[in-house]
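The values are calculated or read from the model by the stated rules, or taken from the named source; none is laboratory data. Every value quoted in this text rests on a predicted model; they were computed, and no experiment measured them. Note that each Cβ is placed from the backbone with ideal geometry, even for glycine, and that neighbours are counted across all protein chains shown. Side chains included, ligands, DNA and RNA excluded: accessible areas come from the protein's heavy atoms. Shrake-Rupley method; radii C 1.70, N 1.55, O 1.52, S 1.80 Å.
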Amino acid sequence: MADSDRAPEIEVEGLVIRYGAVAAVGPVNFSVTRGEQLTLLGPSGCGKTTTLRAIAGLERPTAGAIRIRGDTVYDASRRINVPAERRGLSMVFQSYAIWPHMTVFENVAYGLRVRNASAAEIDDKVRHALDLVKMGAYASRNASQLSGGQQQRVAVARACAFSPKVLLFDEPLSNLDAKLRAQMRIELRELQHRLGVTSVYVTHDLEEALAMSDRIIVMRGGHIEQVGPAADIYNYPRTAFVADFVGSANLISGRLRADLARDGLIALEADAGRILYGEARGREAGPTPTMSVRTVHLQLNSTQPTASINVWPVRVRRTVFLGDLTQVHVEWGGRELVVRQTASTAPAEGSTAYLSIDPARCVLLEADAATEAEQAPPPPTAPIVADLPIE
Ligand code: ATP
């Protein structure tokens, strides 16, 4: 990869966005590499759309700086705020925002006409953009006669038509049904690859984020909780929040037993003296040491596996058929663990099975500052009578 390919296309530094007393975002810092597809993922209200709109120039941040290809487009301290239309970006919204009274061609041509492109250039670029999203045959159709998926394709074509440096997507698929979403996410990913365009994508949909992103930023309460490639975020969540939000996981707490550590693995003593081996991945445990194990990473066997660690006989409490997966609840050291497996034959309820977990699938979590704060006892109240004059 050439150095220019690794150059940051977007740099966000110390970004803070407040609405009156509400701190919506920040401070957050991140950058997006040229050609990368980065996703901002998080629950409703975590600040992802606000962050995206600040990059687009549709939201005026309170503090921080934003650079695109090295050019400062926003800097609070230097009072720089380049208007949205001069940032070389294009945005695709959740509501397709296409004009129903215009043809498909005219919808896509609109941005080029505004930029005073010649008729020949418009014709060429619109046809190319429509071909990209497989809508070439619909050029003369009225936009009101399109399905939701087709309308969103037109919106994407319009965003691509003037070859922007960066494409921004704000939950572009959330108005589509589940099947169409799954298809469109593959199409958008392919399109992004083919164009090699840098893109920032906002979603609260985990599957969408995992399927589409080179890297994911998980946001929570206006802050960045974890940044990394999709597989790392899934396999090695940093906090309980990420483990829970990105897929389903068993969170197992206990005390660390340094005396039992072996082969580069840490040992956690959970309830009933069960020892769970896993990886620290250079992390510091919080006050309540906790490991995360994805529900799909636990295995149930009818015969005893040969591994000498992380194997236990367990009783099957309940099985729940979920279609593609079966969820099995097992009793483990006085608590319940959840196993999700694809096997068509789930063990019978009440039966005994052997549970095994690859230690590489057990990952130590860092202290989850927000959650610990939520759980912490309230600070002692001041002794309100102590300083009053005694009569
Ligand atoms: P969603 O997925 O629901 O769109 P989000 O993660 O994109 O959520 P934002 O829309 O960025 O969240 O909102 C972040 C926070 O800022 C929320 O608490 C929201 O209520 C607040 N907020 C957003 N826009 C405004 C505004 N114009 N005025 C006041 N508060 C706002």
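Please find, among Ala76, Ala120, Ala109, Ala84, the residue that is closer than 23 Å to Thr198 by Cβ and in the same structural domain as Ser144 (by TED's automatic domain parsing).
After applying the criteria, what remains is Ala84.
Of all residues in region 45-66 being assigned to a strand (DSSP E or B) and on the phi < 0 side of the Ramachandran plot, which is farthest from the ligand (Cβ to nearest atom)?
Ala65
For (1) more than 8 Å from the ligand (Cβ to nearest atom); (2) open to solvent by less than 70 Å² (accessible area, probe 1.4 Å); (3) free of Cβ contacts under 8 Å to residues at least 12 places away in the same chain; (4) hydrophobic (A, V, I, L, M, F, W, C), each residue gets a yes or a no:
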{"residue": "Leu15", "(1), (2), (3), (4)": "yes, yes, no, yes"}
{"residue": "Val22", "(1), (2), (3), (4)": "no, no, yes, yes"}
{"residue": "Pro43", "(1), (2), (3), (4)": "no, yes, no, no"}
{"residue": "Ile68", "(1), (2), (3), (4)": "yes, yes, no, yes"}
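State which residue is farthest from Thr62 (Cα to Cα) when the search covers only region 76-110 and only residues that are touching a Gly at 6+ places or on another chain (Cβ under 9 Å) and in a strand (DSSP E or B).
Going through the qualifying residues, I end up with Ser90.
With respect to Phe245, is the statement that it is closer than 30 Å to Ala285 by Cα, in contact with an Asp or Glu (Cβ under 6 Å, 6 or more places away or on another chain) and crowded, with 18+ Cβ neighbours inside 10 Å true?
So Phe245 does not fit the description; no.
When only residues in region 194-224 that are of a type in the set (D, E, K, R) and under 10 Å from the mean Cα position of the chain (by Cα) count, which is nearest to Ala23 (Cα to Cα)?
Here the residue is Asp205.
Starting from residues that are over 14 Å from Val363 (Cα atoms) and open to solvent by less than 50 Å² (accessible area, probe 1.4 Å), keep the ones in region 228-240 and report whichever is modelled with the highest pLDDT.
The extreme case among them is Gly228.
Which numbered condition trips up Arg86, out of (1) within 15 Å of Val227 (Cα to Cα); (2) among the charged types (D, E, K, R); (3) more than 16 Å from the ligand (Cβ to nearest atom)?
(1)
Could you tell me whether region 24-31 includes any residue that is β-branched (Val, Ile, Thr), buried (at least 17 other Cβ atoms within 10 Å of the Cβ), within 15 Å of the ligand (Cβ to nearest atom) and outside any helix (DSSP H, G or I)?
Scanning region 24-31 turns up at least one residue that is β-branched (Val, Ile, Thr), buried (at least 17 other Cβ atoms within 10 Å of the Cβ), within 15 Å of the ligand (Cβ to nearest atom) and outside any helix (DSSP H, G or I).
I need the full set of residues from region 209-219 which are surrounded by 20 or more Cβ atoms within 10 Å (Cβ to Cβ) and modelled with pLDDT under 95, in order please.
Ala209, Met212, Ser213
How many of the residues in region 321-362 are closer than 21 Å to Gly247 by Cα and among the acidic types (Asp, Glu)?
Counting residues in region 321-362 that are closer than 21 Å to Gly247 by Cα and among the acidic types (Asp, Glu) gives 3.
Listed here are the residues, each with its yes/no results for (1) loosely packed, with under 13 Cβ neighbours inside 10 Å; (2) modelled with pLDDT of 90 or more; (3) farther than 20 Å from Glu11 by Cα; (4) β-branched (Val, Ile, Thr).
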site	(1), (2), (3), (4)
Gly57	no, yes, no, no
Val92	no, no, yes, yes
Met102	no, no, yes, no
Ser140	yes, yes, yes, no
Gln145	yes, no, yes, no
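Which count do you get for residues in region 123-166 that are within 16 Å of Ser90 (Cβ to Cβ), part of a helix (DSSP H, G or I) and in contact with a Leu (Cβ under 9 Å, 6 or more places away or on another chain)?
10
Among the numbered conditions (1) outside the structural domain of Ala159 (by TED's automatic domain parsing); (2) assigned to a helix (DSSP H, G or I), tell me where Glu187 comes up short.
Of the numbered conditions (1) outside the structural domain of Ala159 (by TED's automatic domain parsing); (2) assigned to a helix (DSSP H, G or I), the odd one out for Glu187 is (1).
Quick check, is Arg79 over 19 Å from Ile224 (Cα atoms) and either open to solvent by 50 Å² or more (accessible area, probe 1.4 Å) or within 12 Å of the ligand (Cβ to nearest atom) (or both)?
yes
Can you confirm whether Ile266 is assigned to a loop (DSSP other than H, G, I, E, B), assigned by TED's automatic domain parsing to the domain that holds Ala360 and touching a residue at least 24 places away in the same chain (Cβ under 8 Å)?
Against the criterion (assigned to a loop (DSSP other than H, G, I, E, B), assigned by TED's automatic domain parsing to the domain that holds Ala360 and touching a residue at least 24 places away in the same chain (Cβ under 8 Å)), Ile266 does not qualify.
Listed here are the residues, each with its yes/no results for (1) farther than 17 Å from Thr49 by Cα; (2) touching a Gly at 6+ places or on another chain (Cβ under 7 Å); (3) within 16 Å of the ligand (Cβ to nearest atom).
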position	(1), (2), (3)
Lys165	yes, yes, no
Phe169	no, no, yes
Leu188	yes, no, no
Asp214	yes, no, no
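Looking at Glu225, is it away from the ligand (no atom under 16 Å from the Cβ), open to solvent by 20 Å² or more (accessible area, probe 1.4 Å) and in contact with a strand residue (DSSP E or B) (Cβ under 7 Å, 6 or more places away or on another chain)?
For Glu225, the condition - away from the ligand (no atom under 16 Å from the Cβ), open to solvent by 20 Å² or more (accessible area, probe 1.4 Å) and in contact with a strand residue (DSSP E or B) (Cβ under 7 Å, 6 or more places away or on another chain) - is not met.
Which residues, taken from region 303-341, are modelled with pLDDT of 95 or more and hydroxyl-bearing (Ser, Thr, Tyr)?
none
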